[in-house]
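Below you'll find the structure, written out as structure tokens, and then a few comments.
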Amino acid sequence: MHKKTFPKDPKEAFNQAKRYFANAKETLTKSPIEYGIYKDEKYVKEASAMGYLSALSTIDGYLLSINTPRDKLPTSIEEYTKALYKIPHNGKLMAAIKVVYENLHIFGYYRGGIDVNMIKSGFKSAKFIIDVLSQRTKNTEGVE
């Protein structure tokens, strides 16, 4: 079983999340689009995995910023969902993580989904998580 590596601090987690997101978007541009579908499943799978990880890394960064011990960070989607549930005004965040999980992780990565709108919706939700939790976190000064 793969053991999760934990970021050392919120800044590292947020930088990693933004890097994953940028790399995912760049990877996705390598696949041509025709009739509303991506033509190269390989790039969609890679980009979807990175997009999903960008959301999880952002949540890690937020949790670290509120003094969650590194060894207590979530290791499953259920734990990530529970963590988001504890954030005030979490309805939109809960919806966003569901879309990221289903559209990017399950359909895009595992099942090789190639529908452009589905993948774009997943990325829009990942970006929403990054933006909201970055704004809520005071310890991200200097995050690139």
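The values are calculated or read from the model by the stated rules, or taken from the named source; none is laboratory data. Because the structure is predicted, anything quoted here is derived from the model rather than measured. For neighbour counting, all protein chains shown are included, and Cβ atoms are generated from backbone atoms with ideal geometry for every residue, glycine included.
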Checking the conditions here, which among 119, 130 is among the aliphatic types (A, V, I, L, M), part of a helix (DSSP H, G or I), in contact with a strand residue (DSSP E or B) (Cβ under 8 Å, 6 or more places away or on another chain) and within 15 Å of residue 21 (Cβ to Cβ)?
119
Looking only at region 1-39, and only at residues there that are at pLDDT 95 or above and of a type in the set (Asp, Glu), the one that is farthest from residue 130 (Cα to Cα):
34
Within region 4-31, of all residues that are closer than 14 Å to residue 126 by Cβ and among the charged types (D, E, K, R), the one surrounded by the most Cβ atoms within 10 Å (Cβ to Cβ) is 18
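Search region 61-89 for residues being of a type in the set (Gly, Ala, Ser) and out of contact with any Leu (no Cβ under 8 Å at 6 or more places or on another chain), and hand back the single one that is surrounded by the fewest Cβ atoms within 10 Å (Cβ to Cβ).
Going through region 61-89, the residues of a type in the set (Gly, Ala, Ser) turn out to be 61, 65, 76, 83.
Filter once more, keeping what is out of contact with any Leu (no Cβ under 8 Å at 6 or more places or on another chain): 65, 76.
Numbers: 65: 20, 76: 9.
Across region 61-89, the extreme among qualifying residues is 76.
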Residue list for region 32-49, filter: surrounded by fewer than 24 Cβ atoms within 10 Å (Cβ to Cβ) and under 11 Å from the mean Cα position of the chain (by Cα):
49
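Please specify each residue of region 32-42 satisfying the condition of being of a type outside the set (Lys, Arg) and in contact (Cβ under 8 Å) with a residue 24 or more places away in the chain. Don't jump to the end; show me each part of the working.
Let us first name the residues in region 32-42 that are of a type outside the set (Lys, Arg), namely 32-38, 40-41.
If the condition is that a residue be of a type outside the set (Lys, Arg) and in contact (Cβ under 8 Å) with a residue 24 or more places away in the chain, then 33, 36, 37, 38, 41 are the ones that fit.
Take region 67-116 and flag every residue that is part of a loop (DSSP other than H, G, I, E, B) and without any contact (Cβ under 8 Å) to a residue 60 or more places away in the chain.
As a first pass, look at region 67-116 and keep what is part of a loop (DSSP other than H, G, I, E, B): 67-69, 73-76, 86-90, 111-114.
If the condition is that a residue be part of a loop (DSSP other than H, G, I, E, B) and without any contact (Cβ under 8 Å) to a residue 60 or more places away in the chain, then 67, 68, 69, 74, 76, 86, 87, 88, 89, 90, 111 are the ones that fit.
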Note on residue 22: of the conditions (1) assigned to a helix (DSSP H, G or I); (2) in contact (Cβ under 8 Å) with a residue 24 or more places away in the chain; (3) farther than 18 Å from residue 102 by Cα, unmet is (2)
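Condition test on residue 27, is it among the polar types (S, T, N, Q) and assigned to a loop (DSSP other than H, G, I, E, B)?
Numbers: among the polar types (S, T, N, Q): yes; assigned to a loop (DSSP other than H, G, I, E, B): no.
It is false that residue 27 is among the polar types (S, T, N, Q) and assigned to a loop (DSSP other than H, G, I, E, B).
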